[in-house]
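What follows is a single structure, written as structure tokens, with notes after it.
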4 protein chains.
Amino acid sequence: MRKAVAAFEAGIKLGALFHQFVGVPVSEKNVEILEKAMESCLRLQPYVIEAEVKIERQKLRTSKFGYTSLSPDILRARVIVDFEGERVEAVLEWDEELNYPLMKLRNL
Amino acid sequence: MRKAVAAFEAGIKLGALFHQFVGVPVSEKNVEILEKAMESCLRLQPYVIEAEVKIERQKLRTSKFGYTSLSPDILRARVIVDFEGERVEAVLEWDEELNYPLMKLRNL
Amino acid sequence: MRKAVAAFEAGIKLGALFHQFVGVPVSEKNVEILEKAMESCLRLQPYVIEAEVKIERQKLRTSKFGYTSLSPDILRARVIVDFEGERVEAVLEWDEELNYPLMKLRNL
Amino acid sequence: MRKAVAAFEAGIKLGALFHQFVGVPVSEKNVEILEKAMESCLRLQPYVIEAEVKIERQKLRTSKFGYTSLSPDILRARVIVDFEGERVEAVLEWDEELNYPLMKLRNL
């Protein structure tokens, strides 16, 4: 049951990250500060003990105006949640085959 | 383990709902269509078998312009997720004491 | 000067629409209610007298899970703002050449 | 006419900022990096020559979990846009009397 709660909390964090930040203006100029700000938002939330966000620079196709909107296919994240001693690791990664930003639990 | 996955999926849905829609312009005029649109977004997502969204009309304090931005304290949601036969119910409710939009699993 | 204010207000509405709703789960099942909800949000805001939102159905490429996230290339909107008798029409349209969700004033 | 375009562009930026970032987790721990990330997003966008974002620390009432969601009443921003030599300054400020996050052009 603590395992389920930990998994629930991890799901909240990834769902929140994706839907808060998709659409944000990004280019090589601010990609690093955006990643750090996104990580800071993950870390503030309850039970998070580790958080990592990566925006894939090599897939950053910018418009003629020199930037783009953050899209699901260039966003990766990893979060570790600890709920009363029960740990869960979860990741968000673009899945080319599914054409989908897949979120999953690791090492269950 | 299926229980944890179901809980994870439920967490994703509530985190997504909150962070996608907080800030949206709302008044008595569009509160119903917003609720329905939000429910439709929950239902599209994998493993969701039931979804309900409520914006608390009696707490809708509008500005001088006749509407407000959707804030965490007036949003409630409930979702039921089924992952390979394992069901989980989760809710989002404003908790006055915590001053926080609490998401939790029910009947674990 | 009223013209500039009307243009400013139109810009607010389109910027708001884009950044509030990009990322929202969408498929053929909820595209219509989403459009209507988005229009309702535009209409609530000050000085808006007409609003139209279109999500391009023929470009709705869904994932294996039967839906996608609303992306900038499938979103179109049009808004008419009236500030003290001065009217402005503005549109949001994906520009293939610029690879950009272009917002512009019409018939200035 | 260039004045109206500059005003339109300024409106886009403030509407975008508000609706992209309202709801983001914030506390004293990440308020500074959030401000900088938000400013970086403003500066990426066309015609912006200056941008400033302030989250009011003294009004940051956190929940029992030590943070809150960014709400309209604690967000301030200022942007200067230059369109073909025509400059416009616009601000976003919470207006207590209107109970509204007012965006306005300055020194028109």
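Taken together, the values in this text are just the output of simple stated rules run on the coordinates, not laboratory data. Note that the structure is predicted; figures quoted are calculated from it, not measured. Please note: Cβ atoms are built from the backbone with ideal geometry, for glycine as well, and neighbour counts cover all protein chains shown.
Assorted remarks:
- Residues of the range B:1-21 that turn out to be under 19 Å from B:Pro72 (Cβ atoms) and crowded, with 24+ Cβ neighbours inside 10 Å, as a count: 11
- Per the listing D:Glu9, D:Glu32, D:Glu39, the residue uniquely under 9 Å from the mean Cα position of the chain (by Cα) and of a type outside the set (A, V, I, L, M, F, W, C) is D:Glu39.
Per-residue answers, yes or no, for (1) of a type outside the set (A, V, I, L, M, F, W, C); (2) within 14 Å of chain A (Cβ to nearest Cβ); (3) more than 10 Å from the chain's Cα centre (by Cα); (4) surrounded by 15 or more Cβ atoms within 10 Å (Cβ to Cβ):
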residue: C:Ala51; (1), (2), (3), (4): no, no, no, yes
residue: C:Tyr67; (1), (2), (3), (4): yes, yes, yes, yes
residue: C:Leu75; (1), (2), (3), (4): no, yes, no, yes
residue: C:Val79; (1), (2), (3), (4): no, no, no, yes
residue: C:Arg87; (1), (2), (3), (4): yes, no, yes, yes
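- Boolean, A:Tyr47 is within 14 Å of chain B (Cβ to nearest Cβ), among the hydroxyl-bearing types (Ser, Thr, Tyr) and either surrounded by 16 or more Cβ atoms within 10 Å (Cβ to Cβ) or touching a residue at least 24 places away in the same chain (Cβ under 8 Å) (or both): yes
- Taking the range B:13-44 as the range and being touching a strand residue (DSSP E or B) at 6+ places or on another chain (Cβ under 6 Å), hydrophobic (A, V, I, L, M, F, W, C), within 14 Å of chain A (Cβ to nearest Cβ) and free of Cβ contacts under 8 Å to residues at least 60 places away in the same chain as the test, the residues that pass are B:Met38, B:Cys41, B:Leu42, B:Leu44.
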